[in-house]
Amino acid sequence: MATTSAYNLNDAGACERYQSLWEKTRGIFASLRYARAVESVYGLKSSFWFADEDASLLVHLKGGGPLRRAVIPPFTQYSSLLLPTPPASHLIHRQKSPMDILLQCVEKTCRRADLLIQVDDPRTAQWRNWKVQPLFTYLIPLPSHPDDWSGTSRRTWRGKKGDYEIQENSVYAHRVIDLCRASYKRHGRSLPADATLLGAFAKAMGQYARTFVALRDGTIEAGLIILHDESTAHYWVAGSEPGPSMTVLIGEVLSILTASGISIFDFVGANTPSIAEFKRSFGPTLTQYYHLRRRPPFLPRR
């Protein structure tokens, strides 16, 4: 199986080839639109390779020379691995699968790398001496049925939704980011991105970023920015005041997304106990993905 040299987003032919593969797999975080937003907002460089006609991997690079590394941009749920066809087991065992070839490209480009990969079998990375850490998220097939929710969430939504007005408008994006930052602070953490840059990123995603808020008496109490690829929507940036507002907002947004033709809602992580429990109350299915980390030791100078 052959690979190619690295391409960048200025290569129209390579981008067309990548787009053709993407159409078979989808995923907003793997889209060229997302990669261009990462370059323009965060100043990271995109580099991507192909393994024959079977697969492609796009990574975001920071730094140069021996310090160059593949990084996960802020608020990125999945890395850009396109595998339209699951690799054959015998290729995985011989370490000649498309994923082997693509990880080798990363290894030749940078010593340190982080990827978030949706695969059923992560042994390819493990056998190449990458550290493999399982992560989890919750998915809801749409339409969502309130009867599948926990009793508490169902009662909250039914009893409180009349108190709120739900609006969709990108003008509220910065307010949603402020609420998100406050939510992180309540958990003793900092927002993992510059708030201004995060707002610019949402704007750069255009129609693929949808902003929803829940207002009570004219005051925004909860907000949510959804990223989507027209089939899967992701709970991307979210925050709320303590209380029922986020439960009401999610319940209403699930119906809005269903009417828009979205078929899957991804809660973007179930890896913090209290947050995972809140998401579980909407009756989702637990799904696994993996953090692949490469940290080879530096050899001593002679």
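Computed values, structure above
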item: Options E23, E16; residue that is free of Cβ contacts under 8 Å to residues at least 24 places away in the same chain, open to solvent by 60 Å² or more (accessible area, probe 1.4 Å) and closer than 27 Å to L139 by Cα; result: E23
item: Unmet requirement for L44, which otherwise passes all of (1) open to solvent by less than 40 Å² (accessible area, probe 1.4 Å); (2) within 20 Å of T85 (Cα to Cα); result: (2)
item: Enumeration of residues in the range 213-246 that are of a type in the set (D, E) and assigned to a strand (DSSP E or B); result: E221
item: Strands (runs of 3 or more DSSP E) (entirely within the range 1-92) containing at least 2 residues that are in contact with an Asp or Glu (Cβ under 7 Å, 6 or more places away or on another chain) and not acidic (D, E); result: 45-51, 69-71
item: Options R210, R175; residue that is open to solvent by 30 Å² or more (accessible area, probe 1.4 Å), assigned to a helix (DSSP H, G or I) and either without any contact (Cβ under 8 Å) to a residue 60 or more places away in the chain or aliphatic (A, V, I, L, M) (or both); result: R175
item: Residues (within 29 Å of D163 (Cα to Cα) and either open to solvent by less than 20 Å² (accessible area, probe 1.4 Å) or among the aromatic types (F, W, Y) (or both)) located in the range 196-207; result: G199, A202
item: Scan of the range 224-280 for residues that are among the hydroxyl-bearing types (S, T, Y), over 17 Å from the mean Cα position of the chain (by Cα) and at pLDDT 95 or above, ordered by number; result: S240, S245, T247, S255, T258, S260
item: Meets criteria (in a helix (DSSP H, G or I), in contact (Cβ under 8 Å) with a residue 24 or more places away in the chain and touching a Phe, Trp or Tyr at 6+ places or on another chain (Cβ under 8 Å)) for A276; result: yes
item: Identity of the residue in the range 93-103, in contact with a helix residue (DSSP H, G or I) (Cβ under 7 Å, 6 or more places away or on another chain) and part of a helix (DSSP H, G or I), that ends up surrounded by the fewest Cβ atoms within 10 Å (Cβ to Cβ); result: D100
item: Matching residues in the range 48-63 - criterion: being open to solvent by 40 Å² or more (accessible area, probe 1.4 Å) and out of contact with any Leu (no Cβ under 7 Å at 6 or more places or on another chain); result: D52, E53, D54, G63
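One line per residue, one yes/no per condition, for (1) under 19 Å from Y235 (Cα atoms); (2) basic (K, R); (3) crowded, with 20+ Cβ neighbours inside 10 Å; (4) modelled with pLDDT under 95:
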residue	(1), (2), (3), (4)
V106	no, no, yes, no
D121	no, no, no, yes
Q126	no, no, no, no
K131	no, yes, no, no
I140	yes, no, yes, no
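The values are calculated or read from the model by the stated rules, or taken from the named source; none is laboratory data. The structure presented is a predicted model; accordingly, all values stated were derived computationally and were not measured. All Cβ positions, even for glycine, are placed from backbone atoms using ideal geometry, and neighbour counts span all protein chains on display. Ligands, DNA and RNA are excluded from the accessible area calculation, which covers all protein heavy atoms including side chains. Shrake-Rupley method; radii C 1.70, N 1.55, O 1.52, S 1.80 Å.
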